[in-house]
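Notes follow once the structure below has been shown.
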Amino acid sequence: MADPKDDRLERFTAELRDAPAPGPGAGLGRFARLLRGGLGLARSVAGRKSDEGPTEKDLAKIEALVTRLGALKGLPMKMGQIMSYLELDLPEESRRLLCLLQTQSPATAFARVEAILREDLGERAEPLLAGLERTPASVASIGQVHRGRLPDGEDVAVKVRHPDIEAAIRSDFRSARVGTMFAAALMPGMGATAKDFVAELEARLLEECDYALEATRQERFAGLYAGHPVIVVPAVRRDFSGPRVLTSAWEQGEDLEAFQARASQAERDRAGAALFELYIGTLYRHGLFHADPHPGNYRFRPDGRVVVFDYGCVREFEPEVAAAFVALAEAMRDDDRARITAALRGLGAEPSANDAAYAHLRGLLRSFFGPMLVSGPHRIEGRIVVDARRMMRDKLAIARLRLPGRLMFLFRIRFGLFAVLSRLGSVNDWAALERGFARQIGPGTAI
C-alpha cells in the first residue's frame, strides 16, 4: 500500500512544478510578498514541534509557504532552502515539504528560456534548443536546469538564469531594513557592522547571477579534483555557455535522502569524508570555499562517487586567513584562551577581555568547530532547537567580535556542511581529517 505521506509529496511536487511563475518582481510589491514569506517561515520554525505531528492545516500552510518562497526566487528561496536542511525541531512531513525548495519551485516559462538562449548564444542556440527538454529537471533560486543533448551526442545540463532575478536581488537589498532582517535570519549573529554584512551578502548573491564567473570557478574546482576517487565536478561546455547560460556535462545519481536511506554505513562514511574534504580541505589547501553546501547540490552515483553542482557561491581567502582559521581550530582543541584570542585577531576580530563575554564566546566557538574538537570516529549531531532568547544572546556576543563581513560565509560550515553530514549519518574521525588538511595549508603561510 502506498504511503499517504509519499502520495502527498508527489502530488504537491507536481503542483509546484506546474504552478504559474509570476516572476520575482521588484519594489514595494516584492517587498510585501517577501515580508509575508519571511513571517510565514518564522512561524513554521517556531510553531508546532516534531513530536506533536502536523495537522492538515499545518501542512497546507507549509505548502503555501513553499510556493510563495519558490515564486520569489533569490534570497527568500535561499532562506527556505537553509531551513529545510538544518536539523530544526520540525515535524518530518513539514521538513520534507520545505526540502522541495532545494530543487523545485514555479518554473520560468520555456518561451522565456528560449529567448535567453538565443540572446546569449546567437547561432549556437539552435543546436542546443534542438535537443533540449522543455520541462526543467530542477528549478533553483537563481536559475533552472534543463536536460539536453548536443549534436555530438553528449548529454548536458543547461542552467538558465531566471529573468529579472538580478533586479529582484537589488530590490531586496535596497532597503537596509530588509537586508538586515534577512541577513540576521540567514546567518545569525555575524559580527560585522550591518552595512558591511549586508554589502557582502548582496555582492555574493549578485555574483551568483554571473554564469560566466561560475563557469570559471567550476573549471577551477574541476582542475583541483581531477582524478579524485570520490568527488566529481561536471565538465563545463564553454561553447554552449554565456552570461546567463551555463552548460555542463549531465551527471545523475540519487539525491541525499534516497542515498541515505539505502546506502551502507561504509558508503555514507566515504561520501561524508569526501564532502568534508571538499569544503575544509579546499579552504586550507587553496584558500577556496564553496559556500553553498545544501543537499540539492549533490548526486550520489552507483559507483560510490559524489557529484557536486553549483559553483556560483565561492569565496576566496588569502593564505593568512586560512592559517588563522587553522590556528583557531588548534587553539580551541587545546582550550587555550590566549591563542584563541590571537587567532581571532588574525581573522580581523576584536575579542573582548571580559571574562563573562569570553565564556559565552568560548561556548559558541566550541559549537562552531564541534566535530573537529572530538578525537576518534563519531557521528555529527546537527539537531538545532530554536531558542529565541539564546539566539539573541549569541547574536550579540558574536556581534561584539566585529568580524569582517567577508568572513561570514565561513559560518556556512557550521550551519550547512555539518547539517548535511548529520543528515547523511556519516561516521569519521573529523578531527584527524581536519588536522591532515591543516598540514597541507597553502605554500608560504606560517601557522
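The values are calculated or read from the model by the stated rules, or taken from the named source; none is laboratory data. The structure presented is a predicted model; accordingly, all values stated were derived computationally and were not measured. Cβ sites come from the backbone with ideal geometry, for glycine too, and all protein chains shown count toward neighbours.
Key figures for this structure:
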read-out: Any pair with Cβ under 7 angstrom, 6 or more apart, that starts in the stretch 223-251 at a residue that is over 12 Å from residue 155 (Cα atoms) and in contact (Cβ under 8 Å) with a residue 60 or more places away in the chain and ends at one that is among the charged types (D, E, K, R) and assigned to a helix (DSSP H, G or I); value: 230/270; 239/124; 240/124; 242/120; 243/120; 244/120; 245/120; 246/214
read-out: Residues satisfying the stated conditions in the stretch 367-376, i.e. free of Cβ contacts under 8 Å to residues at least 60 places away in the same chain, part of a helix (DSSP H, G or I) and surrounded by 14 or more Cβ atoms within 10 Å (Cβ to Cβ); value: 368, 369, 370, 373
read-out: Matching residues in the stretch 169-186 - criterion: being of a type in the set (A, V, I, L, M) and either modelled with pLDDT of 80 or more or surrounded by fewer than 21 Cβ atoms within 10 Å (Cβ to Cβ) (or both); value: 169, 176, 178, 181, 184, 185, 186
read-out: Those residues of the stretch 311-325 which are surrounded by fewer than 23 Cβ atoms within 10 Å (Cβ to Cβ) and within 20 Å of the chain's Cα centre (by Cα), in sequence order; value: 313, 315, 316, 317
read-out: Of all residues in the stretch 198-213 being of a type in the set (A, V, I, L, M, F, W, C) and at pLDDT 75 or above, the one that is surrounded by the fewest Cβ atoms within 10 Å (Cβ to Cβ); value: 203
read-out: Single match in 328, 361, 347 (criterion: modelled with pLDDT under 90, farther than 26 Å from residue 203 by Cα, in the same structural domain as residue 441 (by TED's automatic domain parsing) and crowded, with 16+ Cβ neighbours inside 10 Å); value: 361
read-out: So residue 267, is it over 27 Å from residue 163 (Cβ atoms) and touching a Cys at 6+ places or on another chain (Cβ under 8 Å); value: no
read-out: Qualifying residue in the stretch 292-308 (condition: closer than 18 Å to residue 416 by Cβ, in contact with a Phe, Trp or Tyr (Cβ under 8 Å, 6 or more places away or on another chain) and charged (D, E, K, R)); value: yes
read-out: Evaluation of residue 257 against (1) within 30 Å of residue 118 (Cα to Cα); (2) in contact (Cβ under 8 Å) with a residue 24 or more places away in the chain; (3) under 20 Å from the mean Cα position of the chain (by Cα); (4) not in a strand (DSSP E or B) (one fails), failing number; value: (1)
read-out: Leading residue by the ranking (nearest to residue 123 (Cα to Cα)) among those in the stretch 235-252 that are in contact with a helix residue (DSSP H, G or I) (Cβ under 6 Å, 6 or more places away or on another chain) and outside any loop (DSSP other than H, G, I, E, B); value: 240
read-out: Residue 285 being more than 23 Å from residue 203 (Cβ to Cβ) and touching a Ser or Thr at 6+ places or on another chain (Cβ under 7 Å); value: no
read-out: Residue that is over 26 Å from residue 292 (Cα atoms), modelled with pLDDT of 95 or more and in contact with a helix residue (DSSP H, G or I) (Cβ under 6 Å, 6 or more places away or on another chain), where the choices are 149, 118; value: 118
read-out: Close pairs (8 angstrom Cβ cut-off, 6 or more residues apart or separate chains): β-branched (Val, Ile, Thr) in the stretch 120-137, in a strand (DSSP E or B) anywhere; value: 135/146
read-out: Qualifying position, being at pLDDT 80 or above, surrounded by fewer than 16 Cβ atoms within 10 Å (Cβ to Cβ) and in the same structural domain as residue 372 (by TED's automatic domain parsing), among 438, 432; value: 432
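Okay, residues lined up against (1) out of contact with any Asp or Glu (no Cβ under 9 Å at 6 or more places or on another chain); (2) hydroxyl-bearing (Ser, Thr, Tyr); (3) assigned by TED's automatic domain parsing to the domain that holds residue 430; (4) surrounded by fewer than 16 Cβ atoms within 10 Å (Cβ to Cβ):
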position	(1), (2), (3), (4)
196	yes, no, no, no
227	yes, no, no, yes
230	no, no, no, no
233	no, no, no, no
236	no, no, no, no
265	yes, no, yes, yes
